[in-house]
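Derivation of every value follows stated rules applied to the coordinates shown; laboratory data play no part. Small disclaimer: the values here were computed from a predicted structure and weren't measured. Here the Cβ is made from the backbone with ideal geometry for all residues, glycine too, and neighbour counts use every protein chain on show.
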Amino acid sequence: MFFEYPKTLYLLLLLLPMLALHVWRAIRGDVASLRLPGLAPLRHAGGKWRTWLRHIPVILRIVATAALIVAIARPRSSSEFERTDTEGIDIILVLDVSTSMLARDFHPDRIGASKDIAIQFIAGRPSDRMGVVVFAGESYTQCPLTTDRATLINMIKDIETGIIEDGTAIGNGLATAVARLKDSDAKSRVVILLTDGVNNRGEITPLTAAEIAKTFGIRVYTIGVGAMGMAPYPVLTPYGVSVQQMQVEIDEELLKQIAQITDGAYFRATDNTKLMEIYGEINGMEKTRTLVDSFPIYKELFMRFALICLLALAFELFLRLLVLRTLP
């Protein structure tokens with residue numbers, strides 16, 4: 001506790017003359033007197049306790065005066081309060097939804113694993129705005145930048161292969177993500193591009209899209225999804241769906257160039273565990289900036305001393321008028 005006007009407390013010295021005056025009067029017996037024709041009226045006047053009780057009102061008045069002076073000095077207390085502000089990162093996930101993402105070298109398949117792990121990544125970054133772009137032979141925005149995690153996760157769950165024309169237009173997917181981020185005022189803007197194939201469609205080449213991303217200061221992390229060599233792939237036959245081993249083709253050199261141009265990084269995911277580790281590594285590389293601002297919070301305490309003053313005066317008045325029956 002501290003006082004806003006500490007010099008006011010010097011007024012407490014006035015209590016000493018008040019107390020001295022009362023002691024002096026008590027010693028001299030300087031009290032009001034009344035002449036009576038006999039002792040009969042004093043028979044029920046009280047005993048020694050009444051003599052001591054007559055000092056209580058003076059003590060109460062001194063306490064009330066002291067409390068009033070302390071209240072005028074404006075007592076206050078303070079405590080430190082920390083306000084935390086976060087500067088989030090804008091992140092666009094670019095997911096390949098071509099039919100090759102149905103390969104079952106991941107569980108349950110590439111597209112399913114990519115969605116599940118992306119959802120975990122999103123849930124772990126509550127301070128960032130995030131969005132999703134999907135691509136195959138073409139690209140479009142599945143969800144624009146948002147902080148609404150529930151909506152974003154539900155829209156990711158709705159992603160399926162076959163929703164757009166088949167193919168692998170990596171350049172179009174990246175360019176769409178850049179278009180979503182270029183007007184962002186976030187301190188850091190990031191694209192995470194996940195694909196399992198070789199660019200074979202689209203009006204914009206992947207390297208051109210990477211140069212555009214670099215122009216806007218957008219960093220691109222690329223992830224090649226697929227086992228090394230062969231992967232089980234479901235094929236529709238006259239007798240139903242048959243799983244056959246097919247060659248895995250990922251243009252790793254292209255994905256590395258995209259990452260290098262944009263000051264990002266390239267990763268290769270060969271199973272669910274590796275893909276989860278990659279997202280964890282990216283999560284560690286792209287840290288949300290936290291700003292902590294500390295400032296004091298003040299609490300006024302004068303009211304409790306004012307209340308003590310009022311209670312002391314009220315009790316003094318009660319004793320004088322109803323118990324001692326003397327005038328203030």
Open item on the list: Tell me which of Asn272, Ile111, Ala123 sits at the most positive position along the dipole axis of the chain, charges placed on C-beta atoms (Lys, Arg +1; Asp, Glu -1).
Closed with: Ala123
- [ ] Would you work out the relative contact order for the chain, in percent, from Cα pairs under 8 angstrom that are 6 or more residues apart?
- [x] 24
TODO: Any chance you could give the angle, 0 to 90 degrees and rounded to 10, that helix 110-123 forms with the longest Cα principal axis of the chain?
DONE: 20
TODO: With springs only between Cα atoms under 10 Å apart, run a GNM on the chain and tell me which of Met130, Met230, Met18 wobbles the most.
DONE: Met18
Task: Helical contribution to [θ] at 222 nm, DSSP H n ≥ 4, -39,500 (n - 2.57), averaged over the chain, rounded to 500 - done: -11500 deg cm²/dmol
TODO: Could you work out how far helix 15-28 tilts from the main Cα principal axis of the chain, as a 0 to 90 degree angle to the nearest 10?
DONE: 30
TODO: Starting at the first residue of the stretch 157-170, write each ³J(HN,Hα) from the Karplus equation 6.51 cos²θ - 1.76 cosθ + 1.60 with θ = phi - 60°, in whole Hz, x for Gly and Pro.
DONE: 4, 7, 5, 9, 6, x, 6, 9, 4, 6, x, 9, 9, 4
TODO: With springs only between Cα atoms under 10 Å apart, run a GNM on the chain and tell me which of Ile92, Ile56, Ile27 wobbles the most.
DONE: Ile27
Open item on the list: Please list, ordered by chain and number, the residues whose modelled amide H lies under 5 Å from the amide H of Val132; skip anything fewer than 5 residues away on the same chain.
Closed with: Leu93, Gln142, Cys143
Open item on the list: Looking at the chain as a GNM with Cα springs under 10 Å, which of Met276, Met303, Met155 has the largest mean-square fluctuation?
Closed with: Met303
TODO: Determine, for the chain, the count of lysine pairs separated by eight or more sequence positions (or lying on different chains) whose alpha-carbon distance falls under 26 Å.
DONE: 19
Task: Isotropic mean projected area of the C-alpha convex hull, the stretch 89-287 (nm²) - done: 10.3
